[in-house]
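First up is the structure itself, then whatever we jot down about it.
The values are calculated or read from the model by the stated rules, or taken from the named source; none is laboratory data. This structure is a prediction, so every number in the text was calculated from the model and none was measured. Here the Cβ is made from the backbone with ideal geometry for all residues, glycine too, and neighbour counts use every protein chain on show. Side chains included, ligands, DNA and RNA excluded: accessible areas come from the protein's heavy atoms. Shrake-Rupley method; radii C 1.70, N 1.55, O 1.52, S 1.80 Å.
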Amino acid sequence: MSKKKCNFAVRIRTMKNISVIMYRIFARLRHLVTSWNTGGEGIHSPYLFYLVRFLFYDRNAYYSWAGIEERRRAMLHAPKPLEVTDYGTGRSGTRLLSDIARTALGTPREAQLFYRLALYLSKEARHNEPERTPLLLELGTSLGLTTAYLAATDSRNRVVSFEGAQQVADIARLNWQKLGLKNIECIIGNLDDTLPRFVEQTLYNNARARADLIFMDANHTYQATLRYYDRLRPLCHSKTIVVVDDIHWSPQMRRAWDELRHRPEVTSSMDLYEMGLLFFDKDYLPKHYRLRL
């Protein structure tokens, strides 16, 4: 590539980066203006009120969190290079483990919210269907800390996480080993291949198999987000919660979120800015909530 073409490509990427940054700034301001933090007041469904009042705003810590956060601190200071493949863009390259930990991991607050959700949903599932093992799914393992929070809720839960990069998954498995978590299955490869096979095999083995919590944090494009959701729909039941991460990451993700929350099977939704939650129970009052945590 000539120097002139190279400089032009750099300018184009810079303009796109500036555009994305400006979009996220305005998206954040819009959310601050249109959302509220009432501790659950104004949410008319008793179930959703409980989730907000007693799970979202719960500030109590659990003993299992300390070890997971110790692993986070260790990775933030690890200069180990890893080969990473992004199946969304088709790009591969080398990144430092500390850089991945700094930029790709969710915050402790977000991961601890997943812990409380998973703990509650698995208890409800075990109470209502004692013969069924609660199933928690995660698209996008990264370094495995959110996965660890999900698995730490109950060793009897089945946690399945999908990751594209082998070396990243190896670090995640090492973290789970150090934390003593043995109820996690990590499926490595392109989600467009691994996810359909997993759903088909799961339903083949048990036609009544259902997922209780689904966390979608993989390819952040409009088409991929809708494709993964459609693949997972057969595993959803009335009490399933689907969490879509980074719904304001880009115009594409905002468009995908808006389409998903208007799907006919979705009865209610919550926009927490960092993520969006989809609910399917027909008894819930149909409404879209924007909340500040």
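Listed values, structure above:
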{"read-out": "One residue from Tyr47, Tyr62, Tyr87 being open to solvent by 40 Å² or more (accessible area, probe 1.4 Å), modelled with pLDDT of 70 or more and either under 30 Å from Ser155 (Cβ atoms) or aromatic (Phe, Trp, Tyr) (or both)", "value": "Tyr62"}
{"read-out": "Test for Leu181: is it outside any helix (DSSP H, G or I), touching a helix residue (DSSP H, G or I) at 6+ places or on another chain (Cβ under 7 Å), surrounded by 13 or more Cβ atoms within 10 Å (Cβ to Cβ) and modelled with pLDDT of 95 or more", "value": "yes"}
{"read-out": "Pair list, Cβ under 8 Å, 6 or more apart: the stretch 21-33 residue within 18 Å of Trp257 (Cα to Cα), other residue acidic (Asp, Glu) and surrounded by 11 or more Cβ atoms within 10 Å (Cβ to Cβ)", "value": "His31/Asp271"}
{"read-out": "Condition met for Ile247 (of a type in the set (Val, Ile, Thr), in contact (Cβ under 8 Å) with a residue 60 or more places away in the chain and touching a helix residue (DSSP H, G or I) at 6+ places or on another chain (Cβ under 6 Å))", "value": "no"}
{"read-out": "Answer residue from the stretch 126-139, given it is part of a loop (DSSP other than H, G, I, E, B) and more than 19 Å from Phe198 (Cα to Cα) and is most open to solvent (accessible area, probe 1.4 Å) among those", "value": "Glu131"}
{"read-out": "Scope the stretch 93-123; condition outside any strand (DSSP E or B), open to solvent by 20 Å² or more (accessible area, probe 1.4 Å) and farther than 21 Å from Leu272 by Cβ; matching residues", "value": "Ser98, Asp99, Arg102, Lys123"}
{"read-out": "Candidate set: the stretch 184-229, residues that are of a type in the set (Phe, Trp, Tyr) and open to solvent by less than 20 Å² (accessible area, probe 1.4 Å); chosen: the one nearest to Glu131 (Cα to Cα)", "value": "Phe198"}
{"read-out": "Residues of the stretch 154-183 satisfying the condition of being among the polar types (S, T, N, Q), touching a Pro at 6+ places or on another chain (Cβ under 9 Å) and farther than 21 Å from Thr194 by Cβ", "value": "none"}
{"read-out": "Residue within the stretch 140-162 that is open to solvent by less than 20 Å² (accessible area, probe 1.4 Å), touching a Cys at 6+ places or on another chain (Cβ under 6 Å), assigned to a helix (DSSP H, G or I) and closer than 22 Å to Val243 by Cα present", "value": "no"}
{"read-out": "Criterion: farther than 18 Å from Asp245 by Cβ, open to solvent by less than 50 Å² (accessible area, probe 1.4 Å) and at pLDDT below 90 - qualifying residue of Leu82, Leu55", "value": "Leu82"}
{"read-out": "Scan of the stretch 275-292 for residues that are surrounded by 14 or more Cβ atoms within 10 Å (Cβ to Cβ), over 23 Å from Ala218 (Cβ atoms) and among the hydrophobic types (A, V, I, L, M, F, W, C), ordered by number", "value": "Leu291"}
{"read-out": "Of all residues in the stretch 246-264 being out of contact with any Leu (no Cβ under 9 Å at 6 or more places or on another chain), open to solvent by less than 50 Å² (accessible area, probe 1.4 Å) and not in a helix (DSSP H, G or I), the one that is nearest to Glu138 (Cα to Cα)", "value": "Asp246"}
